[in-house]
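Only the coordinates and a few stated rules stand behind these numbers; no lab work does. The model shown is predicted, which means the values in this text are computed figures rather than measured ones. Here the Cβ positions follow ideal geometry from the backbone for every residue, glycine too, while neighbour counts run over all protein chains shown.
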Amino acid sequence: MISKADDFPIHQLPSPIAEVGTERNFYDRYFFNGYSEDGSIFFGAAFCVYPNLNVKDASFVLVVDGIQHNFRYSDLLNQERLDMQVGNFRIEIIEPLKELKILLEDKEKEISADISFTGRFEPMQEPRMIIKNGPRVSMDSTRMTQHGSWNGVIRFKGKEIIISKEDFLGTRDRSWGIRPVGSADTQMMPSMKLPQFYWLWAPANFSNHSSHLYFVDDEMGRATNSHCVQQNKESSNKLYNLDKKIEYKSGSRRITKANFTAEKEDGIMVSWSLTPKYHIYMCGLGYMHPEWGHGMFHGENQSYYDSYDLGDDPHDPPYLHIQAICDFEMVDGDISHKGIGVLEQLMFGPHSPSGFEGLLDG
């Protein structure tokens, strides 16, 4: 199973790069988001390979005038992990860990994009995340996250959106490892209790620096995995004692206000106040989608388009997983900074501090 990647000095095991062990659910994903300074325009993209499913897929989301447009692509991987094109979608690595380009040319769906992401600061590695269902590992992944700016152009149905680095910021991540992907197992692991997952992920951009924080909580509200970092061109600093206070829309799991606090090594407190403007549905990028979920086999060179009216808000799968575009206010000691970013949310099952007792109750 020799492939193009074997001609690069990147081996980590005594086997060809195409071989990633015995786990069927191994994945290797790129994720991007971008937004205008006022948050009125949002776009997102994802590309992923699944070596043991012999599938690769990609997706692109564009929000215009309150409508989320979703473009999805799927093809066979044929063991070539460096072939980063799926149908009309392609990623180019211009400079590793610094600049990447997304190219999309789909005349049938009247969408094209030629946009480049340039990192503002160095990528940050998040703690490895391992989640088990009984004895079975359901997630074991590593992720790096990077803040950046965008430039280029997006065209959709005769509308041209000029993307300039002065006006468009965003975040990308690279994650790889094991996640539930592809078709569901024919024999699922019987659960002795309600499924539970509580996930908040909040990268933000400010004028000359950035911040990033996230939580994975258990049903009692204890953080089983969390992280908090501040960055600028000179430094990247981890913060400690991360805590949160969350307010929800009545009868739902949608966050209306989020406040976070953390402590620097020198004891100075930092706080964040997040106010959501609107949210997009991550199923547009394949997350939890019943037909176009990650790693599902559709045949060779297949694509699909649909759209969501963001004025509607279903609270059931696959619409549970969202990214809310938020205004951020960060107070660092006695200095206040205003910025913009997202608050990604996925919550199901009990969470005692939030008052959640069932699978999807509000």
Along each principal axis of its Cα atoms, how long is the chain end to end? Whole angstroms, biggest number first, please. 56, 52, 44
Rel. contact order, % - alpha carbon contacts under 8 angstrom, at least six apart, the chain: 17 percent
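Which of the peptides 37-46, 326-335 is most tightly packed, and how do the rest follow, going by the mean number of other Cβ atoms within 10 Å of each residue? Could the numbers behind the result be given before it?
Numbers: 37-46: 19.8, 326-335: 15.7.
Ranking, from highest mean packing down: 37-46, 326-335.
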Calculate log10 I(q)/I(0) of the range 137-254 for q = 0.16, 0.17, 0.18, 0.24 Å⁻¹, where I(q) comes from the Debye formula with a single equal point scatterer on each Cα and nothing for solvent. -1.06, -1.12, -1.16, -1.39
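Normalised by the residues of the range 54-189, what does the relative contact order come to in percent, with Cα pairs under 8 Å and at least six apart? Spell out each step's value before the answer.
Working: 260 pairs, mean separation 20.8, N = 136.
Contact order relative to length: 15 percent.
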Hey, how many Å between the Cα centroid of the range 254-269 and the Cα centroid of the range 98-128? 29 Å
Provide the packing ranking of 222-228, 146-152, 341-347, i.e. peptides ordered by the mean count of other C-beta atoms within 10 Å per residue, highest first. 341-347, 146-152, 222-228
Where Rh is the Kirkwood radius over the Cα pairs of the range 276-362, the temperature 20 °C and the viscosity 1.002 mPa s, what D in µm²/s does Stokes-Einstein return? 137 µm²/s
Of every Cα-Cα pair in the range 211-362, the percentage lying beyond 21 Å is 53 percent
Mind listing the phi-derived Karplus ³J(HN,Hα) values for the range 296-305, rounded to whole Hz, using 6.51, -1.76 and 1.60 with θ = phi - 60°, and x for any glycine or proline? 6, 8, 10, x, 7, 6, 10, 8, 7, 10
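Starting from the Cα coordinates of the range 164-210, work out the convex hull volume and express it per residue in Å³.
On the way: hull volume 7.3 nm³, N = 47.
It is 156 Å³ per residue.
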Considering amide H positions built from the backbone, and no H for Pro or chain starts, which residues 5 or more places from Phe297, or on another chain, come under 5 Å of its amide H? Ser183
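Tell me, Kirkwood radius of the range 300-346 from alpha-carbon pair distances, in Å? Present the calculation step by step, with values, prior to reporting the outcome.
Details: mean 1/r = 0.0709 Å⁻¹.
About 14.1 Å, per the Kirkwood formula over Cα pairs.
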